[in-house]
Amino acid sequence: MEEVYQKELAEAAEVLKRGGLVAFPTDTVFGVMARMEDEAACRRIYALKGREEKKPLQVLVADLESALGLAELGELRDRFLRLAEAFWPGGLTVVVPGRNIPPWISQDGSVGLRMPDHPWLRELLRRVGGYAAATSLNRSGEPPVRTEAEARAFAVDYVFPGEAGGLASSVVDLRTGEVLREGAIPKEALRPYLRDA
């Protein structure tokens, strides 16, 4: 990996480890991240967005191994692996039964996992244990942030330089086979993967 963002990666990782919030230009939209285990930091995300606490945060993962460590897949495992192989890294969030997911992330114990198609972001996640809680950077109900200048208007502790990619991620619930949100990946492309092979 190039040296260009090494300083920024080190600073962003340090902010997360200290319990801060980092805004990051993902392959979809600008996100805001905190360490999943840090309840106070995660609650700051809800406050920053004006978001209801019953709406879960997603969890971004550096790699498939990190995702599998956070999921209790059981009979969903094969379907999950097929989806991950087809669409990760990329704009797909997959909701699955979670393993040891704190209640401030999700009240029902499920977890929405996404592996972003952004090498710097995956490197940052690796530096803080392989994953982090995240959601789009915006006030609830308002359009997502796409530029660094817009991101700097929010009360986060660190803004990683860059511009965001585009559409928000598509969201599927593997437990029900439903597409909850059509975003970067069209419904038609997802549906075959949500049925039994």
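The values are calculated or read from the model by the stated rules, or taken from the named source; none is laboratory data. Since this is a predicted model, take the numbers as computed values, not measurements. Positions of Cβ are generated from backbone atoms using ideal geometry, with glycine treated the same way; all protein chains shown enter the neighbour counts. Calculation scope for accessible area: heavy atoms of the full protein, side chains included, ligands and nucleic acids excluded. Shrake-Rupley method; radii C 1.70, N 1.55, O 1.52, S 1.80 Å.
Here are some notes:
- Residue among Pro143, Pro161, Pro192 that alone is more than 16 Å from the chain's Cα centre (by Cα), surrounded by fewer than 17 Cβ atoms within 10 Å (Cβ to Cβ) and outside any loop (DSSP other than H, G, I, E, B): Pro192
- Consider the range 74-90 and keep the residues that are under 17 Å from Thr176 (Cβ atoms) and without any contact (Cβ under 8 Å) to a residue 60 or more places away in the chain. The one that is least open to solvent (accessible area, probe 1.4 Å) is Gly74.
- Failed item in (1) touching a strand residue (DSSP E or B) at 6+ places or on another chain (Cβ under 9 Å); (2) closer than 21 Å to Arg35 by Cα; (3) of a type in the set (D, E, K, R); (4) modelled with pLDDT under 95, with Arg114 passing the rest: (4)
- Members of the range 91-133 found to be among the polar types (S, T, N, Q) and crowded, with 22+ Cβ neighbours inside 10 Å, listed by number: Thr93
- The residue of the range 146-158 that is most open to solvent (accessible area, probe 1.4 Å), among those that are in contact with an Asp or Glu (Cβ under 7 Å, 6 or more places away or on another chain) and among the charged types (D, E, K, R), is Arg146.
- Residue that is nearest to the chain's Cα centre (by Cα), among those in the range 170-184 that are aliphatic (A, V, I, L, M) and within 12 Å of Leu83 (Cα to Cα): Val171
- Taking the range 5-114 and the strands (runs of 3 or more DSSP E) fully enclosed by it, the elements with 3 or more residues that are within 29 Å of Tyr193 (Cα to Cα) are at 30-34, 58-61, 92-97, 110-114.
- Within the range 164-188, restricting attention to residues that are free of Cβ contacts under 8 Å to residues at least 60 places away in the same chain and over 16 Å from Arg114 (Cβ atoms), the residue that is least open to solvent (accessible area, probe 1.4 Å) is Gly177.
- Failed condition for Ser140, given (1) among the polar types (S, T, N, Q); (2) under 16 Å from Ile45 (Cα atoms); (3) touching a strand residue (DSSP E or B) at 6+ places or on another chain (Cβ under 6 Å): (3)
- In the range 96-109, the residues that are over 14 Å from Tyr131 (Cβ atoms) reach residues that are β-branched (Val, Ile, Thr) and assigned to a loop (DSSP other than H, G, I, E, B) with C-beta atoms within less than 8 angstrom, at least six apart or across chains, in these pairs: Gly109/Ile101.
- Residue check for Gly19: open to solvent by 50 Å² or more (accessible area, probe 1.4 Å), at pLDDT 95 or above and on the phi > 0 side of the Ramachandran plot: no
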